[in-house]
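Data first, discussion second: the structure below is written as structure tokens.
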Amino acid sequence: MTRAVIVVAATLGIGATQGAPRNDLPQPYQTTRNWGELPAGVKWAAVTAIEPAPDGSIYVIHRCLANSCANRAEAPILKYNAAGKLLAQWGAKMFIFPHGATVDRGGNLWVTDARGENGIGHQVFKFSPEGKVLMTLGKAGVSGSTPDLFDQPTDVLIAPSGDIFVTDSHRNGKNNRVVRFTKDGKYIKEWGKKGSGRGELSEPHTIAMDSRGRLFVGDRENNRIQIFDQDGRYLDEWRQFGRPSGIFITTDDTIYVADSESGPDTGAHELMGIKKGIRIGSAKDGSVTAFIEDMESTTGDHSGAEGVGVDAQGNVYGGVVRRQMLERHVRK
């Protein structure tokens, strides 16, 4: 490799530290389970996303009863202060399968609905901090592959420019793509298709951005993170963080990757022998330095934390789907 090529590779992050995900990394956190006050009469359902906001509040997305909000009266969106006190709730009867979420620089919450039925679902919603709907992408209850339709959109990201990036298609979905829109919701472009090659995707489950503006896409069924620029140009792939269900990158480029599915192979190409949990490292060079092991890290069920969020104090939140709870991990 010539010096010029080495410099370019270093700039793009290509050739980062690779290797199999490790089970033996330090675990420097103490865990609390079922963190946060719940509305009266409500129990935790499948928790899918935790998103801290610029004002210090924390949004938690869960699936109403067990694993679905279809025909349920519960609110899937819960807003907390840093102490876990419930501040607000909304979204009742608006979702079928609330999934991924993000908070933009203005404090607005974006949430995807990764299923559709009876005129609800297959959409992305933008809410004000008070719960007012400011924008929707997709058509309610309609699955498709065109610029104005989604099929099971899994996650959403807002770039500093305001551009919107949506990962589109859950397991066995039609599209397996990333779709880019302007801040006003105008379609710009898309990339990706079903497959395991470079730039191809199989269940793009989560998306995050580092300080350089690179996009980290959790290509879950391929057991890798693929890294792209904002025009969809492939930069690299990382496998050392496990099977990515959730990715969160802080302002200092610490990356947190939730692996909720590794272990025995159930037929979805899981990583055998790899424990479930949250692996922590650097989005700059791909090094992995810590591991918050799941309480059922070797079970055959998909039981680990799927969604992951980190607040301004460095506390790590894990959204657990099968066991239906919210975990909070605080440094020891």
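Residue count for region 274-300, restricted to those that are modelled with pLDDT of 95 or more, out of contact with any Lys or Arg (no Cβ under 7 Å at 6 or more places or on another chain) and in a loop (DSSP other than H, G, I, E, B): 8.
Here Ile249 fulfils each of the conditions (1) of a type in the set (Val, Ile, Thr); (2) surrounded by 23 or more Cβ atoms within 10 Å (Cβ to Cβ); (3) touching a Phe, Trp or Tyr at 6+ places or on another chain (Cβ under 8 Å) apart from (2).
Considering Arg233, Arg220, Arg214, the condition of being without any contact (Cβ under 8 Å) to a residue 24 or more places away in the chain and more than 19 Å from Glu296 (Cα to Cα) is satisfied by Arg233 alone.
A quick yes/no check of all residues on (1) out of contact with any Gly (no Cβ under 8 Å at 6 or more places or on another chain); (2) polar (S, T, N, Q); (3) buried (at least 18 other Cβ atoms within 10 Å of the Cβ):
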position: Ser202; (1), (2), (3): no, yes, yes
position: Ile207; (1), (2), (3): no, no, yes
position: Arg214; (1), (2), (3): no, no, yes
position: Arg224; (1), (2), (3): yes, no, yes
position: Ile227; (1), (2), (3): no, no, yes
position: Tyr234; (1), (2), (3): no, no, no
position: Gln240; (1), (2), (3): no, yes, yes
position: Pro244; (1), (2), (3): no, no, yes
position: Ile255; (1), (2), (3): no, no, yes
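Candidates are the residues of region 39-63 that are of a type in the set (Ser, Thr, Tyr) and part of a strand (DSSP E or B); the one that is surrounded by the fewest Cβ atoms within 10 Å (Cβ to Cβ) is Tyr59. Here region 128-141 is the region considered, the condition is being in contact with a Gly (Cβ under 7 Å, 6 or more places away or on another chain) and crowded, with 16+ Cβ neighbours inside 10 Å, and the residue that is nearest to Gly185 (Cα to Cα) is Leu137. Note on region 239-270: residues that are among the aliphatic types (A, V, I, L, M) and either in a loop (DSSP other than H, G, I, E, B) or more than 14 Å from the chain's Cα centre (by Cα) (or both) amount to 1. Asp301: crowded, with 18+ Cβ neighbours inside 10 Å and among the acidic types (Asp, Glu), yes or no? Spelling it out, it is not the case that Asp301 is crowded, with 18+ Cβ neighbours inside 10 Å and among the acidic types (Asp, Glu). Taking the stated definitions as given, is Asp104 of a type in the set (Asp, Glu) and closer than 26 Å to Arg212 by Cβ? For Asp104, the condition - of a type in the set (Asp, Glu) and closer than 26 Å to Arg212 by Cβ - is met.
With modelled with pLDDT under 95, in a loop (DSSP other than H, G, I, E, B) and within 30 Å of Ala290 (Cα to Cα) as the only criterion, which of Gly84, Gly36, Gly107, Gly15 stands out?
On the way: Gly84 fails: modelled with pLDDT under 95; Gly36 fails: modelled with pLDDT under 95; Gly107 fails: modelled with pLDDT under 95.
After applying the criteria, what remains is Gly15.
Is it the case that region 161-182 has a residue that's surrounded by fewer than 20 Cβ atoms within 10 Å (Cβ to Cβ), in contact with a Ser or Thr (Cβ under 7 Å, 6 or more places away or on another chain) and closer than 27 Å to Val142 by Cα? There is at least one residue in region 161-182 that is surrounded by fewer than 20 Cβ atoms within 10 Å (Cβ to Cβ), in contact with a Ser or Thr (Cβ under 7 Å, 6 or more places away or on another chain) and closer than 27 Å to Val142 by Cα.
Yes or no, residue by residue, for (1) in contact (Cβ under 8 Å) with a residue 24 or more places away in the chain; (2) more than 18 Å from Gly121 (Cβ to Cβ); (3) surrounded by fewer than 22 Cβ atoms within 10 Å (Cβ to Cβ):
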site: Ser143; (1), (2), (3): yes, no, yes
site: Asp151; (1), (2), (3): yes, no, no
site: Asp155; (1), (2), (3): yes, no, no
site: Trp191; (1), (2), (3): yes, yes, yes
site: Ser196; (1), (2), (3): yes, yes, yes
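The values are calculated or read from the model by the stated rules, or taken from the named source; none is laboratory data. Nothing here was measured: the structure is a model prediction, and the numbers come from that model. Here the Cβ is made from the backbone with ideal geometry for all residues, glycine too, and neighbour counts use every protein chain on show.
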